[in-house]
Structures are given as C-alpha cells and as structure tokens.
Amino acid sequence: MASINTNFAAMTALQSLKMTDMKLLETQNRISTGFRVETAKDNAAYFSIAATMRSDNAALSTVQDALGLGAAAVDVAYTALESAIDVVDEIKNKLVAAREPGIDRTKIQAEITQLQEQLIANADTASFNGENFLSVDSGSADYNVMKSIVSSFTRSGTTVSIGTINIDITSTALFDAEATGTGILDAEFTTTNGGVVYSVTTLDISLLTDSALDLADLEEMVQTVDNALGLVITAASDLGAASKRIELQQTFVSNLMDAVDRGVSQLVDADMNEESTRLSALQVQQQLGVQSLSIANASSQNILSLFR
C-alpha cells in the first residue's frame, strides 16, 4: 500500500541504516583502541577476568622487583663470604707458619691482626638495603634468623597468598654483636693447656713460646681456624644455592607475566585483521543503506504523478 502518512520502506531502510551505523561505530572503536572488550558493557565476564588478571600481573611485577632486591642482598653477602674464605685461609697459613720453633710470632701476629680487622670490615660492609647476612645482632628486638624474600603471588578463587624464599642466617652469620653471640668468626673457645679464651678474630699468638704446652695451644688454634674455614665455605655454598634459586624464580615470574599478558590478550584484544575486514563490509553496507533510504524517500514523490 502506498501511503503519504507512513513510508514503510523508508522506515525499514532507516532502521537498517541505524543498525549499520551502530556496528560501524563499534568496529571503529575497536580499531582505534585495539580492544574488543574495553569496558564492562562490552562483555562483563571477560572484563572482570581481565581486570583481575591485570591486577595480579601488577603484583607479579612487584614480586619481580622484590626478587631483584633479594638477589642483590644475597650476592653482596656471597661476595663478602668469598673474601672471608681467602682471609681465613691466610690466617690459618700464618698460624701453621708460627708452629715452626724459633720463629718471631710477634711479627706473624701483626700480620694476623690486619687480617682479623679485614674480616670484621668485610662483614660490616656486606650490607644491601639495610640487610646484612654476615654481621648480626641476635639481641636486637627486630632480629629474625630467617631472611625472607618475596618470591610469588598466587590466587586461588578469592584467596591470595604470597610465597617467600627463606634464608637461615644462623649458618651465614660471621659475627654476632650479642654478648653470647654464636657467629662463625666470633664464637669463643678456650685452649686446653693455657686456658686462653679466643676466637678467630681475637686470637693472639705473640706471647706463645716454644714450650710443649704453648705449641699444643697453637695447634688447637689452627684446628679452630680450620673448622671456621669449613663453616664459612658451607655458608658460601648455602648462599650460592639460594642465589641460584632466586635466579630461577626470576625467570619463572618473568615467563608467568608473559603468559598472563597473552591470556588477557586472548580475552579482550581485537583481531585487527578481522576488524579491518568488517569495517570495509560495514562501510559498503552504510553506503547501500543511504542509497536505499534515498530511494525509499523518493518513492513518495511518485504518488504526485498519479494526480497529474
């Protein structure tokens, strides 16, 4: 039916053109932003998942930073322990040399004293970001035998947990400022014969003679230093193992962050090849819709010819 009040063809063409324009706007927005799910109204479920995953990835980035700080602290301590191994070994060599009868032990002690001071200085300066694994104070209120390095962030449903790599510094502490400290190098011993109280960093052989008792005490000191050397080597091995674990965890966290990014991309990123193809098709549909609407509007003019 031809009507001058209602142009059904024009209404249909207009509705079709509006739908095409809406789809075209949506496609253009995806191309300009790169997202097919940019806001919750695009896809509430995907938007929620993506937002949560992005937040978790930000937490993993912080974990990566914490691992970097932890790795630096461990590396500093390990470097100092390597130096301590060399110095303690040198002290042992000096003590062995002092066992020779008739040798000037005062001069040897002068060398040992310098080495002892070097050990203390190395331990005191082996600090990174306020953390020192070698020189501690077990009497301090905030002392904790476990040094924790944040290593992971895990989500299980609505519950999150933070994992740590723990390092027991009781096996790495060279010095303990507490009076009853048990550091590797400041732990005190007493000679069997002379009753001399000493540690690796306080022993003094300048007054020892060639008497059998003094030589026996000297040999005890050599044994004590050798035992301490073994403990320092073990401490270095422990820190080396911890450093390797931190390195592996850093690699894992980096790979995990990449995987999360890929997962988010699969959910919300627009396929630009697909969108560009859709854009071309919609532009053609829009042009056809305009022409169709023009034709539908022109049909009303044909009614006038019936009255001529």
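The values are calculated or read from the model by the stated rules, or taken from the named source; none is laboratory data. Quick caveat: nothing in here was measured; it's all calculated off a predicted structure. Positions of Cβ are generated from backbone atoms using ideal geometry, with glycine treated the same way; all protein chains shown enter the neighbour counts.
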**OP:** Report, ordered by the first and then the second residue, all pairs with beta carbons closer than 6 Å, sequence separation of six or more or different chains, a first member in segment 147-159 that is under 25 Å from Glu131 (Cβ atoms) and surrounded by fewer than 13 Cβ atoms within 10 Å (Cβ to Cβ), and a second member that is among the charged types (D, E, K, R) and at pLDDT below 90.
**Re:** none
**OP:** Answer yes if at least one residue in segment 226-235 is closer than 30 Å to Lys94 by Cβ, of a type in the set (A, V, I, L, M, F, W, C) and touching a Phe, Trp or Tyr at 6+ places or on another chain (Cβ under 9 Å), and no otherwise.
**Re:** yes
**OP:** Assess whether Thr39 counts as being surrounded by fewer than 17 Cβ atoms within 10 Å (Cβ to Cβ) and either out of contact with any Asp or Glu (no Cβ under 7 Å at 6 or more places or on another chain) or more than 28 Å from Val284 (Cα to Cα) (or both).
**Re:** yes
**OP:** Exactly one condition in (1) touching a residue at least 40 places away in the same chain (Cβ under 8 Å); (2) in contact with an Asp or Glu (Cβ under 9 Å, 6 or more places away or on another chain); (3) within 25 Å of Asp204 (Cβ to Cβ) is not met by Ser171; state its number.
**Re:** (3)
Subject >> Which listed residue is crowded, with 21+ Cβ neighbours inside 10 Å, hydrophobic (A, V, I, L, M, F, W, C) and in a helix (DSSP H, G or I), from Ala123, Ala173 >> reply: Ala123
Subject >> Residues located in segment 239-289, provided they are among the charged types (D, E, K, R) and under 26 Å from Phe47 (Cβ atoms) >> reply: Asp258, Asp261, Arg262, Asp269, Asp271, Glu274, Glu275, Arg278
**OP:** Go through the residues of segment 267-277 one by one and say whether even a single one is in a helix (DSSP H, G or I), small (Gly, Ala, Ser) and farther than 21 Å from Leu24 by Cβ.
**Re:** no
Original post:
Of all residues in segment 201-218 being surrounded by fewer than 20 Cβ atoms within 10 Å (Cβ to Cβ) and either within 48 Å of the chain's Cα centre (by Cα) or among the aromatic types (Phe, Trp, Tyr) (or both), which is nearest to Phe175 (Cα to Cα)?
Top reply: Thr202
Subject >> Failed item in (1) surrounded by 13 or more Cβ atoms within 10 Å (Cβ to Cβ); (2) at negative phi, with Asp65 passing the rest >> reply: (1)
**OP:** Name the one entry in Glu131, Glu178 that is surrounded by 13 or more Cβ atoms within 10 Å (Cβ to Cβ), touching a helix residue (DSSP H, G or I) at 6+ places or on another chain (Cβ under 9 Å) and among the acidic types (Asp, Glu).
**Re:** Glu131
Original post:
Has segment 208-230 got any residue that is part of a loop (DSSP other than H, G, I, E, B) and in contact (Cβ under 8 Å) with a residue 24 or more places away in the chain?
Top reply: yes
Original post:
Is at least one residue of segment 97-115 hydrophobic (A, V, I, L, M, F, W, C), in contact with a strand residue (DSSP E or B) (Cβ under 8 Å, 6 or more places away or on another chain), outside any loop (DSSP other than H, G, I, E, B) and in contact (Cβ under 8 Å) with a residue 12 or more places away in the chain?
Top reply: no
